[in-house]
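Undergrad: The structure that follows is given in the form of structure tokens.
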Amino acid sequence: MNYLSVENISKSFGMRVLFENISFGINEGQKIGFVAKNGTGKTSLLNIIAGNDKADTGNVVFRKGLRIAYLPQEPDLDPSLTVEQTIFDSDNPILKIIEDYEHAIENPDDSETYQKAFDAMDAHHAWDFETRYKQILFKLKLEDLHAKVGNLSGGQKKRLALANALLTTPDLLIMDEPTNHLDFFILK
């Protein structure tokens, strides 16, 4: 199944052309890596695919409903939060579903809203979110949920950002230089 198609995209900064007329597709189950010298546009290409930047020319066509998570080279995490607070401070859509469900419980007279919230919890497997995020953090060797992000190493911060990305249950995970701070055991 085709996830996305990159069609003749180009990107330049001023007179510097990073790439021209690149086309390729990404299908379900594929693992793709971009290898090139520094400064040749790998990050720009990933940002375009992730929807964080626009190509000068060409298009990226996504499968309808495709969920994408993007792990940048340098995660933007709040150093004053703990590991666990960072999980709950993320833009994870499951947290919104849990919030809607908790709101519906507080208003039991509105049975239609409650049923929609209940169904959403089932559909997104939100019932086991706490167990899932703790398992992911444990596997990524982030057992201390109360550790401040500001005290984490670069590798730990990268793994925390990876945990947040994985918790969104993306169809496509885009990682920019994932091995900078990640050990190979994580990618198994």
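The values are calculated or read from the model by the stated rules, or taken from the named source; none is laboratory data. Quantities reported herein were computed from a predicted structural model and do not represent experimental measurements. All Cβ positions, even for glycine, are placed from backbone atoms using ideal geometry, and neighbour counts span all protein chains on display.
Undergrad: Look at Leu71 and say whether it is touching a Pro at 6+ places or on another chain (Cβ under 8 Å) and not assigned by TED's automatic domain parsing to the domain that holds Gln156.
TA: Taking the combined requirement at face value, the residue satisfies it.
Undergrad: While we're on this one: Select, from Glu74, Glu7, Glu84, the only residue that is in contact with a strand residue (DSSP E or B) (Cβ under 9 Å, 6 or more places away or on another chain) and either at positive phi or of a type outside the set (A, V, I, L, M) (or both).
TA: Matching residue, one of Glu74, Glu7, Glu84: Glu7.
Undergrad: Okay, moving on. Counting only residues that are of a type in the set (Phe, Trp, Tyr) and free of Cβ contacts under 8 Å to residues at least 12 places away in the same chain, how many does region 126-155 have?
TA: The qualifying residues number 2.
Undergrad: Yes or no: Gln156 under 24 Å from Pro75 (Cα atoms) and not in a loop (DSSP other than H, G, I, E, B)?
TA: yes
Undergrad: Select from region 25-50 the residues that are of a type in the set (Lys, Arg) and within 18 Å of the chain's Cα centre (by Cα) and write down the one among them that is surrounded by the fewest Cβ atoms within 10 Å (Cβ to Cβ).
TA: Out of the qualifying residues, it is Lys31.
Undergrad: Could you list all residues from region 47-75 that are among the β-branched types (Val, Ile, Thr) and within 12 Å of Pro170 (Cα to Cα)?
TA: The answer is Ile68, and nothing else.
Undergrad: Only one of (1) among the small types (Gly, Ala, Ser); (2) within 15 Å of the chain's Cα centre (by Cα); (3) not in a helix (DSSP H, G or I) is not met by Ala165, so which one is it?
TA: Going through (1) among the small types (Gly, Ala, Ser); (2) within 15 Å of the chain's Cα centre (by Cα); (3) not in a helix (DSSP H, G or I) one by one, Ala165 breaks only (3).
Undergrad: Would you pick out the residues in region 22-36 that are closer than 13 Å to Leu172 by Cα, in contact with a strand residue (DSSP E or B) (Cβ under 7 Å, 6 or more places away or on another chain) and not small (Gly, Ala, Ser)?
TA: Ile26, Asn27, Glu28, Ile32, listed by residue number.
Undergrad: Hey, among Gln115, Gln156, Gln135, which residue is touching a Lys or Arg at 6+ places or on another chain (Cβ under 9 Å) and not assigned by TED's automatic domain parsing to the domain that holds Ile26?
TA: It is Gln156.
Undergrad: Can you tell me which of Leu71, Leu66 is at pLDDT 90 or above, buried (at least 17 other Cβ atoms within 10 Å of the Cβ) and within 14 Å of the chain's Cα centre (by Cα)?
TA: Answer to the check: Leu71.
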